[in-house]
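Heads up, the thing below is written out as structure tokens.
The values are calculated or read from the model by the stated rules, or taken from the named source; none is laboratory data. Computed from a predicted structure; not experimentally measured. Cβ placement follows ideal geometry from the backbone for every residue including glycine, while neighbour counts extend to all protein chains displayed. In case anyone asks, the SASA skips ligands and DNA or RNA and just uses the protein heavy atoms, side chains included. Shrake-Rupley method; radii C 1.70, N 1.55, O 1.52, S 1.80 Å.
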Amino acid sequence: MADHFQTIPDYKGKLLVARPHILRDPMFAESVVYLYEQRDNMVLGLVLNKPSRMSIEDLQTMRGIRNSGALGRLYKGGPVSDQSLLLLHTDEWQSTNTLPVGNKLCLSSDELMLDKLADGNLPNGYRLMSGMSSWSGPQLYTEINKHKAWLVIEPSSTIFFDCDDGNEQWKSAIQLASSRIVESLF
């Protein structure tokens with residue numbers, strides 16, 4: 001198995017863009033996933049464009065804190081550990097548990113980040129997520145290459161935080177993938 005895993009490409013820092021009409025799973029249909037970690041036999045990612053019905057303000061209210069800063073929706077980062085809160089954000093901002101994840105982005109997950117957001121201490125760009133997505137290396141490789149379920153592309157700096165509408169973000173990612181494919185031909 002170790003020899004097979006060595007043939008799996010490095011997906012860290014890439015975007016997965018669901019191909020139209022391929023994925024039937026509502027979590028991943030028309031989704032854009034940022035792959036932030038790849039180690040051993042695991043690839044971890046966050047779905048960027050699936051907003052939940054809950055706002056960040058609702059979440060802060062549930063915590064008994066008056067939110068004076070962060071606005072926007074809580075997003076569904078994936079079906080794994082869906083009670084965990086993860087903040088994907090620009091790298092100029094830090095909390096006590098902040099991990100650089102490439103593309104000038106970091107991932108934070110701690111109580112202090114929530115307090116900082118409530119106080120208006122905000123990163124330049126951010127998206128708060130519940131849960132994450134994970135694949136084994138061979139599983140993701142098969143989904144990409146055999147089932148043709150995903151396009152794999154280098155992200156642009158604007159794809160992460162410039163669009164709050166999930167469907168529009170997916171369409172923007174499809175356009176980005178198209179332009180990256182055309183660029184690779186010349």
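Can you bin the stretch 20-63 into rounded, prolate or oblate? Criterion: square roots of the alpha carbon gyration tensor eigenvalues sorted a ≥ b ≥ c, rounded for a/c under 1.5, prolate for a/b above b/c, oblate for the rest.
Working: a/c = 3.33, a/b = 1.40, b/c = 2.37.
Since a/c reaches 1.5 but b/c is at least a/b, the shape of the stretch 20-63 is classed as oblate.
Charges on Cβ only, +1 for Lys and Arg, -1 for Asp and Glu, centred on the Cα centroid of the chain; of CYS106, LEU122, GLY13, which one is farthest towards the dipole's positive end?
GLY13
Lys and Arg at +1, Asp and Glu at -1: add these up for the other residues within a Cβ distance under 10 Å of SER95 and post the number. Spell out each step's value before the answer.
Values: positive: LYS116; negative: ASP110, GLU111, ASP115.
That works out to -2.
Give the span of the chain's Cα atoms along each principal axis, as three whole-Å numbers ordered largest to smallest.
That works out to 49, 35, 31 Å along the principal axes.
Under a plain spin-label model, where a point goes 7 Å from the Cα along Cα-to-Cβ, how far apart in nm are LEU122 and THR142?
My value for the distance between the label points is 4.3 nm.
How far apart, in nm, are the 7 Å Cα→Cβ label points at GLU111 and SER68?
Placing both labels 7 Å along Cα→Cβ, they lie 2.1 nm apart.
Taking the Cα centre as origin and putting +1 on Lys and Arg beta-carbons and -1 on Asp and Glu beta-carbons, what dipole magnitude results for the stretch 1-107, to the nearest 20 debye?
The calculation lands at about 320 debye.
Of the heavy-atom accessible surface of the chain (probe 1.4 angstrom), what whole percent is carbon and sulfur? It would help to have the intermediate numbers written out before the result.
On the way: 4970 of 9690 Å².
Carbon and sulfur atoms account for 51 percent of the accessible area of the chain.
Taking 0.36 nm per intervening residue step and subtracting the Cα-Cα distance, what contour gain separates ASP25 from GLU92 on full extension?
Values: separation 67, 0.36 × 67 = 24.12 nm, distance 3.50 nm.
Net length gain for the segment: 20.6 nm.
If you stretched the chain out fully between MET42 and ASP58, how much longer would it get, using 0.36 nm times the residue separation minus the C-alpha to C-alpha distance?
Separation in residues times 0.36 nm, less the Cα-Cα distance, equals 2.5 nm.
For the stretch 32-74, report the accessible area per residue in Å² (1.4 Å probe, heavy atoms, rounded to an integer).
Ligands and nucleic acids excluded, the figure is 49 Å² per residue.
Can you compute the charge dipole magnitude of the chain about its Cα centre, using +1 on each Lys and Arg Cβ and -1 on each Asp and Glu Cβ, nothing else charged? Give it in debye, rounded to the nearest 20.
Around 440 debye, computed over the chain.
Compute the long axis of helix 166-184 from its Cα atoms, compare it with the longest principal axis of the Cα atoms of the chain, and write down the angle in degrees, 0 to 90, nearest 10.
Relative to the chain, helix 166-184 is tipped by roughly 40 degrees.
Expressed in nm to one decimal, what extension gain is obtained for the pair PHE186 and THR7 from 0.36 nm per residue of sequence separation less their Cα-Cα distance?
Contour length minus Cα-Cα distance gives 61.7 nm.
Nearest 500 deg cm²/dmol is fine: what mean residue ellipticity at 222 nm does the chain get from its DSSP H runs of n ≥ 4 alone, each adding -39,500 (n - 2.57), divided by its residue count? Mind dumping the intermediate values first?
Values: 5 runs with 48 residues, N = 186.
Rounded to the nearest 500, it is -7500 deg cm²/dmol.
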